[in-house]
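Participant: Sharing a structure here in structure tokens format.
Quick note: the coordinates plus some simple rules give every number you see, no bench work behind them. Owing to the predicted nature of the structure, the values given are computational and were not obtained by experimental measurement. Ideal geometry is used to build each Cβ from the backbone, glycine not excepted, and the neighbour counts take in all protein chains shown.
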Amino acid sequence: MDQPNREQLLHAEAAKYGIAPAVIDRVVSVIAAVQRRDRADYRANFGGELTPDRWLAAYGVSGFQELCTRAAHHAGLPDGDVIMRIVAAVAPAPETREDDRPVQFWARPITDPAEATFPAYRVTYEDPQHGHCTGFDWSGILLRRTLREATARRQGAACLEEATGIVVFTDGDLRGVYVARPAPGRAQPGCVRCGQWEQEHTLHERFGSCPQFVTAAAPLTAAGAL
């Protein structure tokens, strides 16, 4: 007897939650479009291939949950958690490689915050006792200023994984670490005075950005936004 293909498995899993094949196909098309965009960005920036399991690892649980919620809303569904369970149930098993090691294994200390070169990052706070917090998008300018502040006060340290551009840093007495994953597709128009995004101007007292957001006459829009 022939084994069901991945599409059949997806439809069968979705049927358990009363979701029609056409609806789950629309949901998956949104996720697939984001994955294609991210893989193209990775190929352009690093010259290699971003495998599906490493793509999922880069998003993290909270990031992938947010993506599933966006995909669900696109298809007219209210619940992203159900979509996450369906997709996870039919996802391929993680690939095994000899180089699957923690980020810190091949990361090196950052000597200059300017080494964090991406225009946007997805930043999460990861605590071994409390798990991951919801991720937030940061401008590259904000990340570089944060790194400069943390290291200048001698209350933090930072390292860079050159192969992926991931930055891991600590700040003050917090037990966990911040993980900043490059997210070039999430870049927003920057202020012509300080470079930070508009919603980041409320942070100007700490990071030294100008108190008023001023955008260029023809601001860039986020690349590949859905």
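Participant: Students often check this: by mean Cβ neighbours within 10 Å, which of 162-171, 207-216 ranks highest, and how do the rest follow?
Facilitator: Going from most to least packed, we get 162-171, 207-216.
Participant: While we're on this one: Find out how many positive minus negative residues lie around residue 11, taking Lys and Arg as positive, Asp and Glu as negative, among other residues whose Cβ is under 13 Å from that of residue 11.
Facilitator: Residues near residue 11 contribute 0 overall.
Participant: Around residue 86, what is the net charge, scoring Lys/Arg as +1 and Asp/Glu as -1 over all other residues with Cβ under 14 Å from its Cβ?
Facilitator: Local charge sum for residue 86: -1.
Participant: Which ³J(HN,Hα) values, rounded to whole Hz and listed in residue order, are derived for segment 71-88 from phi using the Karplus coefficients 6.51, -1.76 and 1.60 in 6.51 cos²θ - 1.76 cosθ + 1.60 with θ = phi - 60°, glycine and proline given as x?
Facilitator: Karplus values, whole Hz, x for Gly and Pro: 5, 4, 5, 4, 8, x, 9, x, 10, x, 5, 5, 4, 4, 5, 5, 5, 5.
Participant: Which net charge results when you count Lys and Arg as +1 and Asp and Glu as -1 among the other residues whose beta-carbon is under 11 Å from that of residue 177?
Facilitator: -2
Participant: For the modelled label position 7 Å from the Cα of residue 44 along Cα-to-Cβ, which residues of segment 178-195 have backbone nitrogen atoms closer than 13 Å?
Facilitator: Counting backbone N atoms under 13 Å from the label point, the list is 183-187.
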